[in-house]
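Read through the structure below, which is laid out as structure tokens, and then see the notes.
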Amino acid sequence: MIFLLQPPRQHRRISGGYRYNSELGKRLQAERRGRVVDIPAERLARELPVLAEDHPGCVLVLDSLYIGASEPPEVLANLDGSVETRLLLHYLPSQNPRLSEDERERTAAREAAWIHAVDGVIATSFHTAAAIRGLREAEVARPGMESLFQHAPATRSPSEILTVIAIANLMPEKGQEEVARAVASSGVESARLVLIGDDSLDPEYTRAVEKAAHGIDLEHKGILEPEEVSRELRSADLFVSASAYESYGMATAEAVALGVPVVTYRTGEADHWIQDGENGYLVEPLRFEDLAKRVSQLLKDPVRLRSLPTCPPPAFPTWDDTFLHFVSASQKPRRSHSGPDRSESGVRLYSHCDLPTAHGVFRVDVYRAESEGESLLISMGDLSHGPPPFVRVHSECFTGEVLHSLKCDCREQLLMAMQIIGERRRGAIVYLRQEGRGIGLGNKILAYAEQAKGADTVEANHILGFPTDLRDFSTAAAILKEKQAMRIELNTNNPDKIESLKAHGIIIERVRASTSETNPHNVDYLKTKFQSLGHLGLASSLAPPDETPEK
């Protein structure tokens with residue numbers, strides 16, 4: 001049995017964390033595998049032993065809201081040996097920008113105490129899993145999406161009233177005042193601003209927001225149930241997220257799924273949902289002026305606003321997927337408390353040299369891993385200091401890179417990455433010997449033979465008995481860490497690569513998609529990567545000439 005423990009929610013309060021727990025609770029009960037249990041923080045020490053005694057062998061999953069309320073109860077260390085505990089991290093309280101440095105240190109210490117007190121950690125985002133990597137390895141079970149969010153409308157009809165929806169609790173650290181002023185000064189006569197979130201703890205700030213919104217229709221709806229938020233999003237012409245320390249961004253993901261343009265802080269997994277300039281814009285956290293500037297620009301250019309939702313929606317996990325990941329993570333064997341797990345392949349530098357190329361002189365480092373042979377780092381400049389370096393994690397393609405095959409875009413992507421690094425004089429390519437998405441050169445040629453009979457690239461792998469993708473990017477993460485390149489700008493279209501690197505502790509500050517030229521031999525291959533594998537950045541390459549999305 002799995003018991004998901006949470007503090008009782010306040011009246012009508014339904015944050016993303018409570019919604020997540022509610023969805024999993026429905027499935028736990030439907031399959032008779034457990035349930036959600038409301039226990040106030042002050043009663044944990046009394047209630048946990050009772051649950052453990054009544055249900056020997058159960059798993060107790062404690063919500064991260066307990067971190068903000070108390071230290072971990074000593075009883076966690078004294079439970080029956082058959083009972084296991086997990087900490088479910090929806091967010092990290094220490095990342096709240098409102099905290100003073102002293103408060104942040106105390107909160108981080110309390111987080112660490114909780115993380116070490118339990119037998120395992122489940123994170124609801126790769127962002128959060130990466131943030132605690134120095135303390136503990138975390139399993140990841142990201143929130144799902146309701147079926148109604150799975151398919152964005154093909155087009156959004158312009159409405160008579162231009163509606164901007166902002167979701168975040170009202171507080172000066174979020175920037176609603178600047179957003180209200182931007183909407184009011186946009187010159188749009190029929191503008192409407194809807195604020196969703198807790199009332200401000202500072203009444204003067206609420207009055208400042210109302211004053212900034214002078215002349216437009218302002219509605220402050222307070223806390224809404226998930227269904228009500230969904231209805232509001234469907235009426236939006238622009239969605240603004242002012243949450244400054246999200247770990248995931250559920251409302252942002254929902255807006256993207258509905259085809260609503262988004263302006264948001266670059267927090268949590270926002271850069272997974274938003275392709276900057278294609279379906280919205282990302283700005284740095286707490287840069288209120290930048291947030292307001294983007295809102296103002298879009299409202300003053302309605303043609304641009306309507307053209308934004310051209311980026312293909314990412315592959316959204318379903319709640320059933322989430323449930324499977326959650327149950328699997330809950331039932332994994334007990335983990336050691338002696339520090340972080342070492343799951344990546346250890347790598348060691350074997351040789352290096354400076355190599356002149358058409359794009360400049362690159363340093364080439366050859367790394368050897370015990371189980372994976374040789375991998376290369378092709379780099380220029382210092383990767384450990386300054387802005388996040390441009391990085392491409394590239395898998396070997398003999399047919400494209402050596403034989404100049406027209407069946408794929410691998411050589412084109414590799415050369416483009418070298419050109420960008422050469423122009424910037426800084427960046428890296430991690431070159432992995434994973435031919436044919438990991439199946440090897442000989443099997444790749446067999447797969448090509450199947451494609452000649454009519455199979456696409458995914459079907460060909462399946463016909464040969466291989467999964468869609470066998471690649472492992474843990475070695476790439478280990479090499480980047482060796483170079484102290486922990487925060488990067490990643491050049492990829494592959495959402496799985498993004499998630500894998502994040503899970504292995506690499507913080508991806510932004511994603512730069514790759515565009516590819518189509519030809520009669522690779523157009524079906526690119527379509528499969530776009531449609532079946534969820535590869536981002538290919539929409540403009542595959543659009544007919546008269547339908548190429550605006551940039």
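Estimated purely from DSSP H runs of n ≥ 4, each contributing -39500 (n - 2.57), the mean residue ellipticity at 222 nm for the chain is -10000 deg cm²/dmol once divided by its residues.
In the chain, the DSSP beta bridges split such that about 30 percent are antiparallel, to the nearest 5. Of the peptides 64-72, 430-438, 119-127, the order by per-residue mean of other Cβ atoms within 10 Å, starting with the highest, comes out as 119-127, 430-438, 64-72.
Let me know the shape class of the chain, please: from the alpha-carbon gyration tensor, a ≥ b ≥ c as square roots of the eigenvalues, rounded when a/c is under 1.5, otherwise prolate if a/b is greater than b/c, or oblate. Oblate. Basic side chains Lys and Arg get +1 at the Cβ, acidic Asp and Glu get -1 at the Cβ, and with that the dipole of the chain about its Cα centre reaches some 580 debye. Model label sites at Arg35 and Arg19, defined 7 Å from Cα along the beta-carbon direction, differ in position by 2.5 nm. Our estimate of slack between Thr357 and Ser100, defined as 0.36 nm per intervening residue step minus the Cα-Cα distance, is 87.6 nm. Cross-link reach is defined here as a Cα-Cα straight distance under 18 Å, omitting same-chain residues fewer than 8 places apart; for Lys211 the lysines meeting it are Lys174, Lys221.
Label sites at Tyr350 and Glu284, each approximated as a point 7 angstrom past Cα along Cα to Cβ, lie 4.0 nm apart. For region 1-128, the square roots a ≥ b ≥ c of the C-alpha gyration tensor eigenvalues yield an a/c of 1.5 or more together with a/b not exceeding b/c, which makes the shape oblate.
Each peptide in 318-327, 505-514 gets a packing score, the mean of other Cβ atoms within 10 Å over its residues, and the list from highest to lowest is 505-514, 318-327. Taking 7 Å steps out from each Cα toward its Cβ at His404 and Asp202 produces label points 6.3 nm apart.
Readers should treat all values here as calculations from the given coordinates under stated rules, not as data from a laboratory. As the structure is a prediction and not an experimental result, all values here were calculated from the model. Neighbour counts run over all protein chains shown; Cβ positions are idealised from the backbone, glycine included.
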